[in-house]
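*Asks:* Here it is, the structure in full.
What follows is calculated from the coordinates using simple rules that are stated; it is not laboratory data. All values reported here derive from a predicted model rather than from experimental measurement. With ideal geometry, Cβ positions are generated from the backbone for all residues, glycine too; neighbour counts draw on all protein chains shown.
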């Protein structure tokens, strides 16, 4: 059975940078496009932490970085990111990725 790998991306605030409603709207548009392309699995901010999380379905970590490099929050300099390969444990693989 093939290993299912997604890419978990932490969006990390840049100290002193302002997150404006306009940037949030542009970021949401970017997420909408990724969702339409089948690349976005889930996304959202943490309720108890200023960071956010994206889970992406893409070919490799380089593809995940390319997606983030054009995200409006990253382009505007209000967020940086960290990409992690995430091995999925589920019923299909007996919860052992």
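*Asks:* Could you compute the FRET efficiency for residue 87 and residue 48, with r as their C-beta to C-beta distance and R0 at 35 Å, rounded to 0.05?
*Replies:* 0.85
*Asks:* Could you give the angle, 0 to 90 degrees to the nearest 10, between helix 21-36's Cα long axis and the longest principal axis of the Cα atoms of the chain?
*Replies:* Roughly 30 degrees between the two axes.
*Asks:* Compute the Cα gyration tensor for region 2-50, then decide on rounded, prolate or oblate, letting a ≥ b ≥ c be the square roots of its eigenvalues: rounded whenever a/c is under 1.5, prolate when a/b is larger than b/c in the other cases, and oblate in all that remain.
*Replies:* Here region 2-50 falls in the oblate category.
*Asks:* The chain: Rg/Rh from Cα coordinates, Kirkwood Rh?
*Replies:* When Rh is taken as the Kirkwood radius, the ratio is 1.01.
*Asks:* What is the extension gain from residue 59 to residue 41, computed as 0.36 nm multiplied by their sequence separation minus the C-alpha to C-alpha distance, in nm to one decimal?
*Replies:* This chain segment gains 5.1 nm when fully extended.
*Asks:* On to the next question. Provide 5, 96 in ascending order of the number of other Cβ atoms located within 10 Å of each residue's Cβ, fewest first.
*Replies:* Ascending number of Cβ neighbours within 10 Å: 96, 5.
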